[in-house]
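This report concerns only the one structure given below.
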Amino acid sequence: MNPDALRGHMDALLLSVLEARPLHGYAIIEALQERSGGALNVPTGTVYPALRRLERVGFLASEWATVSGRKRRTYRLTDSGRKQLEGERSAWNEFTSVIGSVLRADVTALG
């Protein structure tokens, strides 16, 4: 998938992946790949700065945890992060509805 297509949507993707449970950075990247059927291959250089930014604004909280014998920073959604995700989903649904209505072929207009 074209990386430019993700611009502006990374926050919603990350918040959504963390909705169910806390995850460490690499597990977040794997979840994005899995949930997208392999279409999203987001580099660590994109994910980690976004996670830190989302934590700074209060949408995520993190703590160190031992995962498979290794210490890893684990991120979880905060209450304000859940509220933000709800807003992101609502905006996305509106956006796709509007764009979909424009992109649908109107055969009566073509004749």
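Quick note: the coordinates plus some simple rules give every number you see, no bench work behind them. Note that the structure is predicted; figures quoted are calculated from it, not measured. Cβ sites come from the backbone with ideal geometry, for glycine too, and all protein chains shown count toward neighbours.
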Before rounding to the nearest 500, sum -39500 (n - 2.57) across all DSSP H runs of length at least 4 in the chain and divide by the residue total; then give [θ] at 222 nm in deg cm²/dmol. -17500 deg cm²/dmol
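Mind giving me the FRET efficiency for Glu88 and Ser68? R0 is 30 Å, r the Cβ-Cβ distance, nearest 0.05 is fine. Write out the running numbers ahead of the final one.
Details: r = 31 Å, r/R0 = 1.03.
In this case the efficiency is close to 0.45.
Among 93-105, 64-76, how do they line up from the highest to the lowest mean number of other beta-carbon atoms within 10 Å?
Working: 93-105: 9.2, 64-76: 12.8.
Sorting 93-105, 64-76 by mean packing, highest first, produces 64-76, 93-105.
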Using all Cα-Cα distances in segment 3-101, what percent lands in each 5 angstrom bin from 0 up to the longest? 2, 12, 23, 25, 20, 11, 4, 2, 1, 0, 0
Label-to-label distance, nm, for residues given as Asn41 and Ile99 (7 Å Cα→Cβ offset): 2.2 nm
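May I ask you to order 11-24, 79-92 by the average number of other C-beta atoms within 10 Å around their residues, highest value first? It would help to have the intermediate numbers written out before the result.
Working: 11-24: 18.2, 79-92: 14.0.
With the highest mean Cβ count within 10 Å placed first, the list reads 11-24, 79-92.
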